[in-house]
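Trainee: Just passing along the structure, written as structure tokens.
Nothing in this text is a laboratory measurement; each read-out follows from the coordinates by a stated rule. Only a predicted model underlies this, so the values are computations on that prediction, with no experimental measurement involved. Positions of Cβ are generated from backbone atoms using ideal geometry, with glycine treated the same way; all protein chains shown enter the neighbour counts.
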Ligand code: SF4
């Protein structure tokens, strides 16, 4: 950042100066590295992961389905989706499952203002998910592969997740993706439908985000 | 210890308000129970706390290094870091951007740091509307009150109160059902999200090796604030730094569990810069305001530095018998509860509200639940000592000084001490001893225990003689 006029000390220099004075450190003084990251991937056999994921997410009010093949996922979407137009993100898995060619589905949107309008009025948003985390019942969506608004504005969110991408939990995710921000501007863990307990601690779903979330786990 | 009359009356009113007491008691009890349940199910909980505390300690001891690393990484992703010495500079920056871009309305997701600097007020003074979007925070804004609790801003209100607030604030009909009230807020705020030129958020963590912010929330309002408007500005304190994204595996396991008893909050967003080429949405501009506002002064105090470990989970508030009685609006500053009691004197000076570190029985419940192991009772004791030291130095209270000198003299003269004890016991039995005179204030809210009929010294002598 540029030096302010009149040789005044910038806020940056002043704050860093105060911090160093407080710690007795010099500019650029090397740092002894912290202890190694604590990442312990639990042993959860692949066939138990699905069950755990389902239990966790359904305890939060989400719904989990299992689809042997991509085509089954397409059929499930038709059954699950609420009446009215749906918006599908540009994730390749949705095309592969034939979802983008279902009736009354808007997809392939690349212009933001249009995407916003569509998301704001759609009955349902359909996306892929980069990973799942069984221990917490979470989806991981990474912006490089997914729109941020499709899983956020419509009142219902349907996501397709490949079984092979269902991880045990946080430790496995951060082992696989040590620096998520390197690859995308946004990495979001979604754990259940939007909720609030701000009024008398009473649970209300769908406060700003979707009030319902359906995850279809695809084995193929 | 010198509480203003006004404050005392306010506290007495809060304690006497059964509706308020019930609301706060049941909300904090719920949060406490839920935390307890999930913590008990996590065998590695204690180990995670130790790890988290060590990471925070390390990050704070090398804060300059990590701040510079964070800044370099934000820039590498196309964002900007703005350094602010205080609230004036932080608000000044936001006002400049708003003016340059012709923005008249900003949406905000919950942030204690912006509460700390009264950002909304500052923006509104310059004709910019700032809309809180967290449901509880929105209720508080309409009620024109600061948040009552770090994570449950409106937990002291009943749904009837809230219906009334919506009716008045939004000029519309509103029933008593939380579902309906939330729906109303959703509709009103949805429009604001899509219209606002700037979204303002806080940050739970600043990840140095990634140049990214981590934000946790349950409603989706923080995601909307940081996605829908063209500009995202995060306002945060310099102490929120952690070294690596991988360290989130530790902190995320503790934060939601301690705060609300969830395994993870509904949305946990890691945000590293503006939208990238090929992205269809997300903000075009991304700024992180790194504010000092007294934090570097706290950092210099080695003995109490760990106060900056706080991840604002609110668990210590729920555990605290004092907070649960007096409530969140009877602390002198933005931060209430045990954490407020230890940081307020450090930010504002110990003589500003000298009673604060003394308003605790040192029961230790706060330290027991703190996920980053801040030794709050010990810091309260340190602060008590600081209050006394600063007072003595200022000689502001000569009477007290004499009293202590007298006491010390008495202690050195055992016979006189014994006599004083007997006189004291007689004095305490006089019916008006704690209703009039210097002890009146103290006696107003306490039942005075009756002294034993015989002093300890006298009993001891007898026992020895009997042997
Ligand atoms: S002091 Fe500890 S328990 Fe209290 S809010 Fe901060 S992190 Fe949570």
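Trainee: Nearest 5 percent is fine: what portion of the DSSP beta bridges confined to the protein assembly as shown is antiparallel?
Mentor: Numbers: 22 of 70 bridges.
That works out to approximately 30 percent antiparallel.
Trainee: What FRET efficiency would be calculated for the residue pair residue B:416, residue B:302, taking the C-beta separation as r and a Förster radius of 41 Å, to the nearest 0.05?
Mentor: Working: r = 42 Å, r/R0 = 1.01.
Plugging the Cβ-Cβ distance into 1/(1 + (r/R0)^6) gives 0.50.
Trainee: Still on this structure, please answer the following. Of the beta bridges DSSP finds with both residues in the range A:46-218, what % are antiparallel, to the nearest 5? All intermediate terms of the calculation are to be shown ahead of the outcome.
Mentor: Details: 9 of 32 bridges.
Antiparallel: roughly 30 percent of the beta bridges in the range A:46-218.
Trainee: Also: As I understand it, the value is the acute angle between the Cα axis of helix A:112-121 and the longest principal axis of the Cα atoms of chain A; what does it come to in degrees, rounded to 10?
Mentor: Result, in degrees: 50.
Trainee: Moving on. Bin width 10 Å, origin at 0, all Cα-Cα pairs of the range B:1-116: what percent of pairs per bin?
Mentor: Pairs per bin, as whole percents: 9, 17, 25, 28, 19, 2.
Trainee: Using 0.36 nm times the number of residues separating residue B:47 and residue B:144, minus their current alpha carbon distance, what extension gain do you get?
Mentor: Values: separation 97, 0.36 × 97 = 34.92 nm, distance 4.19 nm.
Roughly 30.7 nm would be gained on extension.
Trainee: Please compute, for peptide B:155-164, the average count of beta-carbon atoms on other protein chains lying within 10 Å of each residue's beta-carbon. Mind showing how you got there, number by number?
Mentor: On the way: counts 5, 0, 3, 2, 3, 1, 2, 3, 1, 0.
Shielding by partners across B:155-164 averages 2.
Trainee: Oh, and also: What distance in nm separates the two pseudo spin-label positions at residue B:394 and residue B:179, each 7 Å out from Cα along the beta-carbon direction?
Mentor: Each label point lies 7 Å from its Cα, and together they span 5.6 nm.
Trainee: Does anyone have the angle between helix B:414-429 and the longest principal axis of chain B? Alpha-carbon axes, 0 to 90°, nearest 10?
Mentor: 70 degrees
Trainee: When you look at the Cβ of every residue in B:240-247, what mean number of other chain Cβ atoms sits within 10 Å? Could you put the intermediate results ahead of the total?
Mentor: Numbers: counts 0, 0, 1, 5, 7, 9, 12, 6.
Averaged over the peptide's residues, the number is 5.
Trainee: Calculated FRET efficiency, residue A:14 and residue B:378, Cβ-Cβ r, R0 35 Å, to nearest 0.05? Please report the intermediate quantities before stating the final value.
Mentor: Working: r = 31 Å, r/R0 = 0.89.
It comes out at approximately 0.65.
Trainee: Relative to the longest principal axis of chain B, what angle (0 to 90°, nearest 10) does the C-alpha long axis of helix B:248-260 take?
Mentor: The two axes meet at around 60 degrees.
Trainee: Follow-up. Build a GNM of chain A with springs between Cα atoms under 10 Å: which of A:33, A:155, A:180 gets the top mean-square fluctuation?
Mentor: A:33
Trainee: What does the helix-only formula give at 222 nm for chain B: each DSSP H stretch with n ≥ 4 adding -39500 (n - 2.57), the total divided by the residues, and the result rounded to the nearest 500 deg cm²/dmol?
Mentor: Details: 22 runs with 250 residues, N = 467.
The per-residue figure over chain B is -16500 deg cm²/dmol.
Trainee: Then there's this: Which whole-number percent is the relative contact order of chain B (Cα, under 8 Å, 6+ apart)? Kindly include the intermediate steps, with their values, before the conclusion.
Mentor: Details: 720 pairs, mean separation 87.4, N = 467.
Worked out over chain B, it gives 19 percent.
Trainee: Starting with the fewest neighbours, write out B:156, B:126, B:51 ranked by other beta-carbon atoms found within 10 Å of each beta-carbon.
Mentor: Placing the least packed residue first, the sequence is B:126, B:51, B:156.
Trainee: If you bin every alpha carbon distance in the protein assembly as shown into 10 Å steps from zero, what whole percent lands in each bin?
Mentor: Taking all Cα pairs of the protein assembly as shown, the binned fractions are 3, 14, 24, 25, 17, 9, 5, 3, 1, 0 percent.
Trainee: Another question, if that's okay. Mind checking which of A:77, A:177, A:64 has the largest fluctuation in a GNM of chain A, springs on alpha carbons under 10 Å?
Mentor: The residue with the greatest mean-square fluctuation here is A:177.
Trainee: Oh, and also: Given bins 20 angstrom wide, list per bin the percent of all Cα-Cα distances in chain B, short to long.
Mentor: 21, 51, 22, 6, 0
Trainee: Of B:343, A:105, how do they rank once you tally other Cβ atoms within 10 Å and put the fewest first? List each step's numbers first, then the result.
Mentor: Working: B:343 22, A:105 18.
Ascending Cβ contact count within 10 Å gives the list A:105, B:343.
Trainee: For a quick check: sort B:358, B:148 by the number of other beta carbons within 10 angstrom, fewest at the front. Spell out each step's value before the answer.
Mentor: Values: B:358 14, B:148 22.
With the fewest neighbours first, B:358, B:148 line up as B:358, B:148.
Trainee: Sorted by mean Cβ packing within 10 Å, highest first, what order do the peptides B:16-25, B:330-339 take?
Mentor: On the way: B:16-25: 14.7, B:330-339: 22.3.
Result, highest mean Cβ count within 10 Å first: B:330-339, B:16-25.
Trainee: Below 8 Å, C-alpha to C-alpha, sequence gap of six or more: please give me the relative contact order for chain A in percent. Numbers along the way, then the final one.
Mentor: Details: 396 pairs, mean separation 52.4, N = 220.
Relative contact order, chain A: 24 percent.
Trainee: Let me ask something else about it. At 222 nm, what helix-only mean residue ellipticity would chain A give, in deg cm²/dmol to the nearest 500, using -39500 (n - 2.57) for each DSSP H run of four or more?
Mentor: Working: 7 runs with 64 residues, N = 220.
After summing the helix terms and dividing by the residues of chain A, the value is -8500 deg cm²/dmol.
Trainee: Taking every residue in A:172-182, how many Cβ atoms of other protein chains lie within 10 Å of its Cβ, on average? Write out the running numbers ahead of the final one.
Mentor: Working: counts 1, 3, 8, 2, 0, 2, 5, 11, 7, 16, 9.
If you average over the peptide's residues, the count of other-chain Cβ atoms is 6.
Trainee: Continuing with this model, one more query. Quick check for you: which residues of the range B:200-225 have the amide N under 19 Å from the point 7 Å beyond the Cα of residue A:36 toward its beta carbon?
Mentor: Of the residues in the range B:200-225, none has backbone N under 19 Å from the label point off residue A:36.
Trainee: Counting alpha carbon pairs within less than 8 Å and at least 6 residues apart, what relative contact order, in whole percent, applies to the range B:223-334? List each step's numbers first, then the result.
Mentor: Values: 94 pairs, mean separation 38.2, N = 112.
Normalised by residue count, the contact order of the range B:223-334 is 34 percent.
Trainee: Kindly identify the range A:46-218 as rounded, prolate or oblate by the Cα gyration tensor criterion: order the square roots of the eigenvalues as a ≥ b ≥ c, call it rounded if a/c is under 1.5, otherwise compare a/b with b/c, prolate if a/b is larger, else oblate. If you can, show how the numbers build up before the last one.
Mentor: On the way: a/c = 1.27, a/b = 1.14, b/c = 1.12.
Rounded, because the longest to shortest axis ratio a/c is under 1.5.
Trainee: Over the range B:203-297, with a single point scatterer placed on each C-alpha, what log10 of the ratio I(q)/I(0) does the Debye formula yield at q = 0.13, 0.26 1/Å?
Mentor: Relative scattering, expressed as log10 I(q)/I(0), comes to -0.48, -1.38.
Trainee: With both bridge residues required to lie in the range B:45-293, what share of the DSSP beta bridges run antiparallel, to the nearest 5%?
Mentor: Looking only at bridges with both residues in the range B:45-293, the antiparallel portion is about 25 percent.
Trainee: Computed over the Cα atoms of the range B:45-293, what is the convex hull's projected area averaged over all directions, in nm²?
Mentor: Values: hull surface 54.3 nm².
If I average the Cα hull's projected area over directions, I get 13.6 nm².
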